[in-house]
Structures are given as structure tokens and as C-alpha cells.
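The structure appears right after this line, and notes come after that.
None of the figures in this text is laboratory data; all of them are computed from the coordinates on show. Predicted model, so just to flag it, every value in this text is computed and none were measured.
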Amino acid sequence: MSYERPTILEVGASLLAVLGVTSVGRVAYGVVVNLGQDQWSSGARAMFLFLNTIVLIFSLFILVLAHQVRRGRQWAWIAALIMLPFTTLLGALMLLITALGGAFPLAGATVVVSSLAALLTLTVPRAVRDHFLRRPAPPGVVPARAWGSVQHPLG
């Protein structure tokens, strides 16, 4: 029996990758802009760089998740479903802060839209849920039995 990846799963993994790339680019741009300013103290600049390092690590992890979700790894799907709501909420908060500051938050809007779209794409379609939750066992794998169903060899 051949079991193929649903096309909508490819779309969800691609949206997850767009989210990761956008987040990495957003961090890189923020760091470059920050290093070009002279108004910040060295302590504030160090704290900014430290916090952006944490965001960069999470962004790179999202890229790894995108690759592993595309490969059909259930652990990556679960981790993505845990991270995406937080990414959406924090992205919306940053979007609001940037918009209230008078700037047009194109990268922030991309983060919010791609994270929300990835979350919906990886949870709503039945084909994606079935792919991760009801996959048939690979050939040669014996299905698990209930604890009480194993008979004693002597009895």
C-alpha cells in the first residue's frame, strides 16, 4: 500500500518555512538597524542583541520544523502546533507596537499572516490530521496488542 503526503501538507510546511525565513530576516534587519544607531547605551544594545538571539534560535527551529513536517514527522507537527499560536500572538503584538509607532509593519504582517495560515493549514484539513494521526504501520511492523490479549506460552 502506497501512502503519499497530502498536497495540503506541502502547503502547510511551505507556510511554516515562509514564517521561519521571514522571522530570520526580521531579526537580521532589526540587528543591522540597531547597530547603526548611536542613541542606545551599551547595556540596552546588549539586551536587544540577547533577545534577538533568542528569537533567531526559535526562527531557525521553525525552519527545522518546516522540513520535518514536510517529511511527515509527527513530533514536528505537534511542536509546530504548540509554537504557532504563540508565534501568532507575539507577532500580532509586535505588529501592533510597530503600527502604533507610525511605521508600516510589512514583515510583522507577513509573520502574523503566515503563522495563522500555517496553523489553519496544519490543523483544519482532515487529510493532514489523518496523515499524522492515522498513518498505517510500515511493512513488517506488528500492530500493538492490548495488555490482556497476550497468552502465556505454557497455558
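Numbers at a glance
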read-out: Dimensionless Rg/Rh of the stretch 22-80 - Kirkwood Rh, Rg from C-alpha atoms; value: 1.18
read-out: Whole-Hz couplings from phi, Karplus 6.51/-1.76/1.60, listed for the stretch 116-122; x for Gly and Pro; value: 5, 5, 5, 4, 5, 5, 8
